[in-house]
Amino acid sequence: MSDNHTRVSLRAGALGLIGAGTLGAVMLSPALGIYGNFAALEGTAGVVTSLVFLIAMVIALPTGVSYAMVAKEMPAAGSAYTWLWRATHPGLGSWVGWLMTSYYVVVIFLQPVIFGLFFNELLAYAGLHTSNWTYLLGVVAATLLVAPAVYRNVTVTARSALVFLLFEMATIIALTITIFVVQARHGHFSASPFNPAAATGGWSAISRAVLFGILAFTGFDIVSTVAEETKTPKSLIPLATIISLLMVGAFWVVTSWAFSIAVPASKVAALASSGVTPITPIASIYWHRWDIIVTITGMTASLATYLAGMLTVGRVMFAMGRDHALPGWFSKLNPKFQTPWNALHVNFALVVIVTGVVAASLKNPYNVFIWAGEATVFFAVLTYFFVHLGNIVYYTRFNRPNFNWFLSGVVPVFGMIVLAYALYKAFFVSLWGAGFALGQSVIWFAVIWSVLGAVYLWLVARARPDVFKGRSFVLDSDAPESAPAATSTEPQLPIPACP
């Protein structure tokens with residue numbers, strides 16, 4: 001192993017199970033997940049939102065299993081990029097890294113937009129005038145709040161995210177309990193959100209709503225990108241991945257139950273059609289003027305996800321830079337904090353330009369949120385699809401003694417089929433019929449950007465053929481005190497030196 005790989009490493013042993021699990025849960029975003037998806041689910045299938053979330057969680061679980069299965073054998077900051085590099089081919093792995101990086105970059109675009117919009121809502125609540133300029137101020141404020149924690153170290157980021165996570169979950173749980181108590185007093189408590197017979201449109205509507213539910217379960221995968229900074233990563237990363245997915249999924253099942261019986265479905269549809277997120281009006285019914293707390297949780301939830309997303313994209317770009325799939329400049333770490341400052345510089349600049357300057361120049365900055373959210377679907381689903389492939393190939397090609405026909409056979413095949421269907425229906429079919437601005441343009445961008453990634457990597461292979469003859473870096477030990485090393489589960493290949 002090159003000495004340089006030992007030198008260019010993140011801070012080992014900085015996170016435990018709670019820290020790693022927090023990042024996965026925060027990226028799923030318990031508050032924004034229910035705020036953003038509840039109206040779409042109820043508008044599609046009626047009151048059965050809890051059933052939809054439950055089905056979506058069961059369908060998302062195979063992806064979590066594939067992440068856990070591969071992460072326990074190849075812990076690495078590069079996550080899916082590294083796994084596909086080693087299990088299939090360096091070129092395919094690098095292209096998956098391009099897709100995954102795009103996924104995380106687009107995800108972090110969503111958070112400052114949401115913060116800026118909620119910031120305007122908070123100003124309006126205080127009786128102040130709002131505009132795109134105040135929205136831009138919100139974007140800048142969010143960035144200034146997030147940057148110090150992300151630049152310092154992963155421990156500070158995880159602790160900050162945990163504070164935000166606990167606040168948003170406590171707020172929504174309190175509102176949920178309030179709704180349950182009030183409705184029970186009036187004799188309106190019902191289990192209809194779990195009853196398929198209560199669906200508007202039957203199982204056909206439920207299946208359409210499940211597509212939205214599946215897409216809500218994106219983000220737990222970021223746990224795998226902090227493997228090099230986690231204590232005993234081979235055991236903790238898989239556990240944190242599954243726990244974060246199940247915890248947030250169960251949270252959505254219960255809280256959506258309360259919101260579904262809080263007001264008639266017709267009122268939710270009316271609010272959604274007017275462009276209003278129904279959760280705040282629901283909170284105003286039960287909490288009156290204290291509904292401002294929901295607005296605040298929207299802001300803190302966006303900050304938490306902004307923290308986690310920026311941390312993640314920095315780690316993936318660092319890993320790709322370390323292997324030279326991206327310029328080696330991205331692999332440079334701050335000598336004091338051992339965090340990828342160069343990668344963070346680039347991404348913070350992109351956030352301010354896209355979600356600040358560009359979005360503020362539009363009549364409705366919310367369109368940037370919609371557009372970026374739709375693009376996320378493409379890059380996330382493709383990344384997940386290839387992780388399933390990596391699970392199958394790794395255990396059949398390199399680790400036959402530990403091959404499990406169900407966990408590395410049935411589970412990933414089922415997951416790939418579901419994801420392919422979701423990508424076709426929820427992305428290509430749905431968006432193509434949604435017009436150019438917020439539909440077809442997203443498809444064209446996603447496809448062209450993916451092709452550009454393949455072209456870029458082809459040029460790298462032509463210019464530096466040694467790059468793809470190496471072995472993308474992973475840890476070979478579950479002890480954080482040991483120096484990082486490359487595993488020996490694959491054929492020994494030379495590792496390209498980093499400058």
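The values are calculated or read from the model by the stated rules, or taken from the named source; none is laboratory data. Only a predicted model underlies this, so the values are computations on that prediction, with no experimental measurement involved. Don't worry about glycine lacking a Cβ; one is built from the backbone with ideal geometry, like all the others, and counts go over all protein chains shown.
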Practice problem: Restricting attention to region 136-178, report how many residues are touching a residue at least 40 places away in the same chain (Cβ under 8 Å), of a type outside the set (A, V, I, L, M), in a helix (DSSP H, G or I) and surrounded by fewer than 24 Cβ atoms within 10 Å (Cβ to Cβ). | Solution: 10
Exercise. Could you list, in sequence order, all residues of region 421-442 that are of a type in the set (V, I, T) and touching a helix residue (DSSP H, G or I) at 6+ places or on another chain (Cβ under 6 Å)?
Key: V442
Exercise. Go through region 350-407 residue by residue and tally those that are of a type in the set (D, E, K, R) and touching a Pro at 6+ places or on another chain (Cβ under 8 Å).
Key: 0
Quiz prompt | Whichever residue in region 423-476 is β-branched (V, I, T) and over 20 Å from L92 (Cα atoms) and, among such residues, is surrounded by the fewest Cβ atoms within 10 Å (Cβ to Cβ) | solution = V429
Exercise. Go through region 200-235 and give me each residue that's surrounded by 22 or more Cβ atoms within 10 Å (Cβ to Cβ) and small (G, A, S).
Key: A209, G213, A216, G219, S224, A227
Exercise. Output the residues belonging to region 453-474 that are touching a residue at least 40 places away in the same chain (Cβ under 8 Å), assigned to a helix (DSSP H, G or I) and among the basic types (K, R).
Key: K469
Practice problem: Tell me which residues, restricted to region 13-38, are surrounded by fewer than 23 Cβ atoms within 10 Å (Cβ to Cβ), among the hydrophobic types (A, V, I, L, M, F, W, C) and not in a helix (DSSP H, G or I). | Solution: A14
Quiz prompt | Residues within region 356-384 that are under 19 Å from the mean Cα position of the chain (by Cα) and farther than 11 Å from L117 by Cα, tallied | solution = 16
Exercise. All but one of (1) farther than 18 Å from P112 by Cβ; (2) touching a residue at least 40 places away in the same chain (Cβ under 8 Å); (3) of a type in the set (S, T, N, Q); (4) touching a Phe, Trp or Tyr at 6+ places or on another chain (Cβ under 6 Å) hold for N391, so report the exception by its number.
Key: (4)
Quiz prompt | Selection within region 228-245 - within 13 Å of E73 (Cα to Cα) and in contact with a strand residue (DSSP E or B) (Cβ under 7 Å, 6 or more places away or on another chain) | solution = L236, I237
Quiz item: Tally time: how many residues in region 201-238 are under 20 Å from G46 (Cα atoms), touching a residue at least 12 places away in the same chain (Cβ under 8 Å) and part of a helix (DSSP H, G or I)?
Solution: 11
Exercise. Consider L84 carefully, then state whether it is in contact (Cβ under 8 Å) with a residue 40 or more places away in the chain and surrounded by fewer than 20 Cβ atoms within 10 Å (Cβ to Cβ).
Key: no
Quiz item: Of all the residues that make up region 179-199, how many are of a type outside the set (F, W, Y), outside any loop (DSSP other than H, G, I, E, B) and in contact (Cβ under 8 Å) with a residue 12 or more places away in the chain?
Solution: 8
Practice problem: Give the residue, chosen from F445, F378, F386, F414, that is touching a residue at least 60 places away in the same chain (Cβ under 8 Å), more than 24 Å from S207 (Cβ to Cβ) and touching a helix residue (DSSP H, G or I) at 6+ places or on another chain (Cβ under 6 Å). | Solution: F386
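Condition check ((1) aromatic (F, W, Y); (2) modelled with pLDDT under 90; (3) under 20 Å from the mean Cα position of the chain (by Cα); (4) assigned to a helix (DSSP H, G or I)) across all residues:
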position: A40; (1), (2), (3), (4): no, yes, yes, yes
position: V65; (1), (2), (3), (4): no, no, yes, yes
position: W83; (1), (2), (3), (4): yes, no, yes, yes
position: S94; (1), (2), (3), (4): no, no, yes, yes
position: L110; (1), (2), (3), (4): no, yes, yes, yes
position: F118; (1), (2), (3), (4): yes, yes, no, yes
